[in-house]
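Student: Mind looking over this structure? Questions follow.
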Amino acid sequence: MSMPLGLAAQTSPPGAETDWRRANDAVGQLKRGHADALKWEQANVSPPVMQGPVPVGLTLLTIDDVTRQAWRSHRELIQPLSRLGTVNVALIATGRWTEIDPSLQRRVDDFDEVLEVAVQARKAWLQALATRQALAQYRAALDAAEAANELGQRMVNVGNWSKLQQTQVQLVQSSANMNLVRAQYTADQAQASLINRLGLKGQYASVTLPEALPEVPPQLVPAEVWQQKALAIQAQLPESEGLRNQANFALALAAYQASHALANGSGEAVKTQEFISEETVLHYNGMLSSVWDLLDASRIQSQAVIDAINAQRDFWIAEADLQWVLQGGEPDSFVSLGAGGEAAAPAAH
């Protein structure tokens, strides 16, 4: 994309050494000059996942919070929730559905609606949380692109760079800016969708969410355990519903397993990129890498973290669908991995 600073100096025409030194001096005057670029990169290459300040509004820090809030907007669920009892309600609200007696499916009227309201709110919460969490990374990528563009412009001003080289850097900044605009819009839409899903449209303009998605468990529950639970719920359903549940279980389990593999893989990719960034800093200190290498490492690591966030979101959505199916639920479709959390494979109906 752009020529490293050291390489540019080596390939400059005769007499350009003075220009190169002036360029170095000029860049040194920047608020993100060579010395500050290192400090900036270290501060931004792996920024802590923090949500930006939001106006006082609805606070939904846990699955329990969002589930109970969703139930409050459905007054018709008061009676089935009462029949379920405090213990079962707590299990559902905290996402521990596999601990629920499968016979409740036939013993408590509207039990399926209690679960559907809970799972849809939970998935909307996960989507809103993931999109907001990713914003910090899009901003970090834009910061890196802006610093590179500012540095490149200085190089053009002293005649050590061509306009073509500068245009390539400008293109990266433009792309990063557009990505941030899209990400902000997506986060705003996800928040609005969550508020709407909770039946609170017009009552709240913002939602306070936790700083990050829950960590993905290192190991999956064995498929045999899920299979036993599937058989238990299918025994409680009419034959036709049991057959549909069997088909949906296979789809839900596949999504759960694949999303876990991708989440683990993306986590390893982040660790690898962190190592690359650390080595790049060491090379920079030893004058073996340029400021461009630092900025590129920051930008690439931001994207790796975004991919990891999306993979975490997909896993928890897949896990919610699997638990729902194991209580007799029928999702409309299952998560499309890496596609923004949207649905992919249609469920059996």
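Student: One residue is enough: does segment 204-216 have a residue meeting the conditions surrounded by fewer than 19 Cβ atoms within 10 Å (Cβ to Cβ) and in contact with a Lys or Arg (Cβ under 7 Å, 6 or more places away or on another chain)?
Tutor: no
Student: Could you please give the count of residues in segment 218-237 that are crowded, with 17+ Cβ neighbours inside 10 Å and more than 14 Å from Val325 (Cβ to Cβ)?
Tutor: Of the residues in that region, 1 qualify.
Student: Confirm whether Val281 is part of a helix (DSSP H, G or I), modelled with pLDDT under 80 and of a type in the set (A, V, I, L, M, F, W, C).
Tutor: It is true that Val281 is part of a helix (DSSP H, G or I), modelled with pLDDT under 80 and of a type in the set (A, V, I, L, M, F, W, C).
Student: Say we look at segment 160-176 and pick out the residues that are under 10 Å from Ala145 (Cβ atoms) and touching a helix residue (DSSP H, G or I) at 6+ places or on another chain (Cβ under 6 Å); which of these is most open to solvent (accessible area, probe 1.4 Å)?
Tutor: Ranking the qualifying residues of segment 160-176, first place goes to Gln170.
Student: Shifting gears a bit: Within segment 207-222, is there a residue that is free of Cβ contacts under 8 Å to residues at least 60 places away in the same chain and in contact with a His (Cβ under 6 Å, 6 or more places away or on another chain)?
Tutor: yes
Student: Looking for something open to solvent by 60 Å² or more (accessible area, probe 1.4 Å), in a helix (DSSP H, G or I) and more than 26 Å from His74 (Cβ to Cβ) - is there at least one such residue anywhere in segment 117-133?
Tutor: No.
Student: Those residues that are touching a strand residue (DSSP E or B) at 6+ places or on another chain (Cβ under 7 Å), open to solvent by less than 40 Å² (accessible area, probe 1.4 Å) and at pLDDT below 95, I need them from segment 307-344; list them, please.
Tutor: Ser333, Phe334, Val335, Ser336, Gly341
Student: Here is a follow-up. Scan segment 145-159 for residues that are open to solvent by 40 Å² or more (accessible area, probe 1.4 Å) and among the polar types (S, T, N, Q) and jot them down. Reasoning before the result, please.
Tutor: Applying the first criterion (open to solvent by 40 Å² or more (accessible area, probe 1.4 Å)) to segment 145-159 yields 146, 150, 153-154, 157, 159.
Gln153, Asn157 - these are the residues of segment 145-159 that are open to solvent by 40 Å² or more (accessible area, probe 1.4 Å) and among the polar types (S, T, N, Q).
Student: Output the qualifying pairs, or none if there are none: Cβ atoms under 6 angstrom, residues six or more apart or on different chains, first residue in segment 237-261 and over 16 Å from Asp332 (Cβ atoms) and at pLDDT below 95, second residue open to solvent by 10 Å² or more (accessible area, probe 1.4 Å) and not in a helix (DSSP H, G or I).
Tutor: Leu237/Gly328
Student: Thr208 versus (1) touching a strand residue (DSSP E or B) at 6+ places or on another chain (Cβ under 6 Å); (2) closer than 22 Å to Ser333 by Cα; (3) not aliphatic (A, V, I, L, M): which is the lone unmet condition?
Tutor: It fails just one condition, (2).
Student: Would you be able to tell me the number of residues in segment 99-149 that are within 13 Å of Gly328 (Cα to Cα) and of a type in the set (Phe, Trp, Tyr)?
Tutor: 1
Student: Quick check on my filter: what residues within segment 105-116 are in contact with a Phe, Trp or Tyr (Cβ under 9 Å, 6 or more places away or on another chain) and open to solvent by less than 10 Å² (accessible area, probe 1.4 Å)?
Tutor: Val114, Leu115
Student: Somewhere in segment 43-59, is a residue among the β-branched types (Val, Ile, Thr) and either in contact with a His (Cβ under 6 Å, 6 or more places away or on another chain) or at pLDDT 90 or above (or both)?
Tutor: yes
Student: Same structure again: Restrict the check to segment 255-272 and report whether at least one residue is buried (at least 19 other Cβ atoms within 10 Å of the Cβ), in contact with a helix residue (DSSP H, G or I) (Cβ under 9 Å, 6 or more places away or on another chain) and within 14 Å of Trp324 (Cα to Cα).
Tutor: For segment 255-272, residues buried (at least 19 other Cβ atoms within 10 Å of the Cβ), in contact with a helix residue (DSSP H, G or I) (Cβ under 9 Å, 6 or more places away or on another chain) and within 14 Å of Trp324 (Cα to Cα): present.
Student: Would you mind finding the one in Thr67, Thr18, Thr86, Thr98 that is in a helix (DSSP H, G or I), modelled with pLDDT under 70 and polar (S, T, N, Q)?
Tutor: Every option except Thr18 fails the conditions.
Student: Can I ask one more? Considering only residues that are open to solvent by 50 Å² or more (accessible area, probe 1.4 Å) and in contact with a helix residue (DSSP H, G or I) (Cβ under 6 Å, 6 or more places away or on another chain), look in segment 178-194 and name the one that is nearest to Asp307 (Cα to Cα).
Tutor: Asn179
Student: Would you please list the contacts, defined by Cβ atoms under 7 Å and residues six or more apart or on different chains, that run from a residue in segment 171-192 that is at pLDDT below 95 to a residue that is open to solvent by 60 Å² or more (accessible area, probe 1.4 Å)?
Tutor: Val172/Met1; Gln173/Glu146
Student: Just to verify a result, which residue in segment 216-270, among those that are β-branched (Val, Ile, Thr) and part of a helix (DSSP H, G or I), is farthest from Pro102 (Cα to Cα)? Break it down stepwise before answering.
Tutor: So the first thing to find is which residues in segment 216-270 are β-branched (Val, Ile, Thr), and the list is 216, 221, 225, 233, 270.
So of that shortlist, the ones also part of a helix (DSSP H, G or I) come out as 225, 233, 270.
Working: Val225: 14, Ile233: 5, Val270: 40 Å.
Restricting to residues being β-branched (Val, Ile, Thr) and part of a helix (DSSP H, G or I), the top hit is Val270.
The values are calculated or read from the model by the stated rules, or taken from the named source; none is laboratory data. Quick caveat, the model's predicted, so the values are computed rather than measured. Reconstructed Cβ throughout: ideal geometry from the backbone, glycine too, with neighbour counts over all protein chains shown. These accessible areas exclude ligands, DNA and RNA; they are computed on the full protein's heavy atoms, side chains included. Shrake-Rupley method; radii C 1.70, N 1.55, O 1.52, S 1.80 Å.
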